[in-house]
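Each remark here refers to the structure printed beneath this line.
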Amino acid sequence: MTAPLLEVRNLRHAYGSHVALSGVSLTVHEGEIFGLLGPNGAGKTTLLTLVSGLFPPSSGAVMLQGETLTPTNAGMKRKIGVAPQELAIYPELTSRENLRFFGEIYGLRGAELDARIEELLRFMGLEDPVGRQLARTLSGGQQRRLNLGLAILHRPRLLLLDEPTAGVDPQTRNHLFEGIRRINAEGTTIVYTSHYMEEVQTLCRRVGIIDHGKLIACDEVSKLLTLLPSVIRIRIDGPAEETQRAAVAIEGVVGCKMEQERMKIECHSVPPTLSRWMAICQERHWTILSLETTEPNLERVFLHLTGRALRD
């Protein structure tokens with residue numbers, strides 16, 4: 001594992017009497033895409049805001065490359081790019097003008113800025129004549145791509161993406177996915193937040209889950225998935241008690257019960273369990289009448305840890 005680029009140390013933040021973050025600590029390693037998940041109101045936005053250096057925490061620290069990040073440290077903040085969920089673009093400027101405006105804020109000038117603008121317009125699929133349209137006339141997907149382009153304009157070391165694919169069509173989502181992977185491959189470390197669990201499971205090797213201001217889980221996705229069993233639901237024509245005894249004797253089976261006419265088998269992994277079960281049925285001349293398997297995924301783990309109650 002590479003050295004941490006970002007360290008969040010016992011971060012606490014309150015808005016008056018409301019505690020938004022309560023002792024959150026985590027690390028994000030150089031070169032990874034780290035997933036950050038949580039229900040609405042869990043503290044994700046506050047955490048991203050503090051990590052971006054917009055304002056200081058009530059207590060604790062944000063460390064970037066081993067140095068404490070503060071709102072007044074412009075040099076460190078320049079290493080961070082942010083693509084917020086609420087679009088950070090000027091609607092009355094064109095894509096080109098937006099890029100030039102933000103580029104000059106970051107200190108880019110002349111030929112360097114001109115080249116970077118052309119590069120990003122191609123990268124975002126906003127070449128002229130689209131690049132000369134007012135941003136307010138762009139489609140939702142085009143605006144999302146521009147939002148991402150503005151965040152990476154200055155080639156940040158750390159990129160914070162907050163719901164980068166919200167409200168876009170599948171083609172735009174795929175384009176953004178490819179772009180995010182390319183940005184990461186070129187050396188940018190990414191913190192990725194989304195309510196689309198399949199996106200996070202696809203892009204991220206490690207994930208942190210926040211709820212009620214606390215980090216309740218943080219691990220590799222493959223390890224988080226082991227928090228829930230795989231499930232085989234099967235209906236066979238053998239005697240119920242005998243089939244259950246046979247099922248629980250299989251190595252890796254952690255539970256077995258009848259659900260109406262079907263047997264629900266919980267196990268560590270479907271393939272070896274199902275293979276052994278097929279052999280047992282063949283040995284005992286039992287016929288499989290129906291079969292259904294369910295593997296754990298990140299959404300099921302998320303609901304298991306945070307509950308199913310609505311968060312408004």
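The values are calculated or read from the model by the stated rules, or taken from the named source; none is laboratory data. Nothing here was measured: the structure is a model prediction, and the numbers come from that model. Every residue, glycine as well, gets a Cβ built from its backbone with ideal geometry; the counts of neighbours run over all protein chains shown.
A few notes on this one:
- Test result for Thr70, closer than 30 Å to Arg182 by Cβ and in contact (Cβ under 8 Å) with a residue 12 or more places away in the chain: no
- Only listed residue being outside the structural domain of Gly60 (by TED's automatic domain parsing), farther than 25 Å from Thr94 by Cβ, modelled with pLDDT under 95 and not in a loop (DSSP other than H, G, I, E, B), chosen from Glu198, Glu242: Glu242
- One residue from Gly41, Gly31 being within 17 Å of Tyr192 (Cβ to Cβ) and among the small types (Gly, Ala, Ser): Gly31
- Residue within segment 217-238 that is among the acidic types (Asp, Glu), at pLDDT below 95 and under 26 Å from Gly255 (Cβ atoms) present: yes
- Filter result (under 16 Å from the mean Cα position of the chain (by Cα), in a helix (DSSP H, G or I) and closer than 15 Å to Leu87 by Cβ) within segment 149-179: Leu176
Every residue, every condition in (1) of a type in the set (Val, Ile, Thr); (2) farther than 27 Å from Val200 by Cβ; (3) assigned to a helix (DSSP H, G or I), yes or no:
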site: Val231; (1), (2), (3): yes, no, no
site: Ala246; (1), (2), (3): no, yes, yes
site: Gly255; (1), (2), (3): no, yes, no
site: Arg276; (1), (2), (3): no, yes, yes
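- Any chance Val8 is β-branched (Val, Ile, Thr) and more than 24 Å from His154 (Cα to Cα): no
- Test: Gly53 is crowded, with 16+ Cβ neighbours inside 10 Å and either closer than 18 Å to Pro164 by Cα or touching a residue at least 24 places away in the same chain (Cβ under 8 Å) (or both): yes
- Among the candidates Gly23, Gly16, the residue that is of a type outside the set (Phe, Trp, Tyr) and either modelled with pLDDT of 95 or more or within 18 Å of Leu305 (Cβ to Cβ) (or both) is uniquely Gly23.
Here is a yes/no grid of residues against (1) in a strand (DSSP E or B); (2) within 21 Å of the chain's Cα centre (by Cα); (3) surrounded by fewer than 21 Cβ atoms within 10 Å (Cβ to Cβ):
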position: Leu21; (1), (2), (3): yes, yes, no
position: Leu26; (1), (2), (3): yes, yes, yes
position: Gly31; (1), (2), (3): no, yes, yes
position: Pro57; (1), (2), (3): no, no, no
position: Val62; (1), (2), (3): yes, yes, no
position: Pro71; (1), (2), (3): no, no, yes
position: Arg100; (1), (2), (3): no, no, yes
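- Tally, over segment 181-205, of residues that are β-branched (Val, Ile, Thr), touching a strand residue (DSSP E or B) at 6+ places or on another chain (Cβ under 9 Å) and farther than 17 Å from Ala151 by Cβ: 1
- Contacts under 7 angstrom Cβ, first residue in segment 97-120 being within 23 Å of Thr137 (Cβ to Cβ) and among the polar types (S, T, N, Q), partner modelled with pLDDT of 95 or more and not in a helix (DSSP H, G or I), 6 or more apart: Asn98/Ile89; Asn98/Tyr90
- Every pair of residues 6+ apart whose Cβ atoms lie under 8 Å, when the first sits in segment 150-172 and is among the aromatic types (Phe, Trp, Tyr) while the second is surrounded by 22 or more Cβ atoms within 10 Å (Cβ to Cβ): none
- The single residue among Thr202, Thr172, Thr226, Thr193 that is crowded, with 20+ Cβ neighbours inside 10 Å and hydroxyl-bearing (Ser, Thr, Tyr) turns out to be Thr193.
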